[in-house]
Structure formats: C-alpha cells, structure tokens
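Data block below; observations after.
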Amino acid sequence: MNLVEALCPEAQEDLARHGIVELVSVSVMAVPDPSRPEDRLALKITAEVNDNFQNGIPAVERDLETADKICTSAEDDLSLSLRDELLVTLDTRRREIAGLREGKINGQPVAYLSDPAIASLIRPTLENPVIDAHVWSVGWCATKEDDGKILVYCDDPLMSEDVDEDSWVRIQDRIRRVNFVIGGLMAGLLGEG
C-alpha cells in the first residue's frame, strides 16, 4: 500500500485538490489537572497524535501508537521554571473566561458582550471552555509536485515562548525519537524503506 492509498478519503481529496495535506500532527499541551479541578497549582501535560490515515492499516497503527507512547511521558521534559510559566498561563486563561462570563475584557465591561446575538456566539466557549497552554507541536505533511511525485516533509516544531534551555534539550530529544518513528512510517509508505 502506498502513501496516497493509506490516506483517509478526505485527505486523498485534499491532496488531489490542493496539492498538500497534513499527515500526522503531535501536540503537547498543559491543562488544569482534571483530578484536582480546584487546585490552581496542579497541571497535567497531555499529548495528542492526530493523523489523516485510514483505520485498520497495521503498520500505520503500530507506528502511530509508538509515537503516542513516546509523547505520553512528555511531562518529564519540563523544568520547574517552565511548569511555573505554564501555571501562570493557565491561570490567566481561567481569569479571561471568568471575565467574559461577567461581560468584561481585561476587567472592563464591554457593551457588545451583553448583546444577545454576541452572547449566543460565545456561550459555547463559556459553557465548556478549553483552558490549555501550548508546550510544543510538530507536524508532517505531503505535497504533490507538478510531476506527480509525493514529497513528505516535517514542519519545524512550534514551541511555547516560555521553553527554557533545559526543557528544550529534552523536548528536542523527544521530537527526534518521534521523527525517527514517523520518518520510518513515511519511508515505508513511499516505498523507500
């Protein structure tokens, strides 16, 4: 099975229509610890590996599961100072949501937030707010060249601006390990492995 055949139908269509498609993305985020919702000094690091491949392809599922296992311990990469910065970011996001619920931005009342039309648009965000802080993410994409060849590449990782040198070294190592697994998967699907 080649790369294009392994993609889900929507991704195959995107590649054919637009000439580019995201294959795999990894996102590592800090979120309030769900087991301690009242503790503002508790956070949890989550990792998500998303893909645009069809289900039921053993090699793909095995390698994506391996990438997920590599990322599940991403919390180990964070220095104490980075954890503190992430806690500050999470607390800021909590306060922003609380302010919006009161019809305020930066502590100041905002008239348009009391408009029923606006309130109906932001209500879902306020009822089920997503409070998170980006730590790092990386993705792999495929492009279709003019000659019909498929080129796979990895984006440069996106980092939180608060990542310090100690954390960065450990994060780079984790990204290298994930790149090795996903790179092997791509080589196999492109007939290079």
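Some observations on this one:
- Test: residue in the stretch 49-60 that is assigned to a helix (DSSP H, G or I) and either surrounded by 12 or more Cβ atoms within 10 Å (Cβ to Cβ) or polar (S, T, N, Q) (or both): yes
- Unique residue being outside any strand (DSSP E or B), open to solvent by 90 Å² or more (accessible area, probe 1.4 Å), out of contact with any strand residue (DSSP E or B) (no Cβ under 9 Å at 6 or more places or on another chain) and among the acidic types (D, E) when the list is E5, E65: E5
- Top-ranked residue of the stretch 78-95 - restricted to ones that are in contact with a strand residue (DSSP E or B) (Cβ under 8 Å, 6 or more places away or on another chain) and charged (D, E, K, R), ranked as farthest from P37 (Cα to Cα): R83
- Counted residues, the stretch 8-18 - those being of a type in the set (D, E, K, R) and either assigned to a strand (DSSP E or B) or surrounded by 15 or more Cβ atoms within 10 Å (Cβ to Cβ) (or both): 1
- Residues that are of a type in the set (D, E, K, R) and in contact with an Asp or Glu (Cβ under 6 Å, 6 or more places away or on another chain) within the stretch 64-88 comprise just one, E85.
- Hey, G148 out of contact with any helix residue (DSSP H, G or I) (no Cβ under 8 Å at 6 or more places or on another chain) and under 30 Å from M1 (Cβ atoms) or not: yes
- Residues satisfying the stated conditions in the stretch 89-110, i.e. touching a residue at least 24 places away in the same chain (Cβ under 8 Å) and in contact with an Asp or Glu (Cβ under 9 Å, 6 or more places away or on another chain): T89, L90, R93
- Answer residue from the stretch 19-45, given it is of a type outside the set (A, V, I, L, M) and modelled with pLDDT of 95 or more and is surrounded by the most Cβ atoms within 10 Å (Cβ to Cβ) among those: S27
- Among the residues making up the stretch 161-184, those that are within 20 Å of V24 (Cα to Cα), in contact with a strand residue (DSSP E or B) (Cβ under 8 Å, 6 or more places away or on another chain) and open to solvent by less than 40 Å² (accessible area, probe 1.4 Å) are I171, I175, V178, I182, G183.
- The one condition in (1) farther than 30 Å from N2 by Cα; (2) surrounded by 16 or more Cβ atoms within 10 Å (Cβ to Cβ) that L80 fails to fulfil: (2)
- Taken together, the residues in the stretch 101-152 that are outside any loop (DSSP other than H, G, I, E, B), surrounded by 10 or more Cβ atoms within 10 Å (Cβ to Cβ) and charged (D, E, K, R) amount to 4.
The values are calculated or read from the model by the stated rules, or taken from the named source; none is laboratory data. Fair warning: this is a prediction, and the values are worked out from it, not measured in the lab. Neighbour counts run over all protein chains shown; Cβ positions are idealised from the backbone, glycine included. For the accessible areas, the whole protein counts, side chains as well, though only heavy atoms, and no ligand, DNA or RNA atoms are used. Shrake-Rupley method; radii C 1.70, N 1.55, O 1.52, S 1.80 Å.
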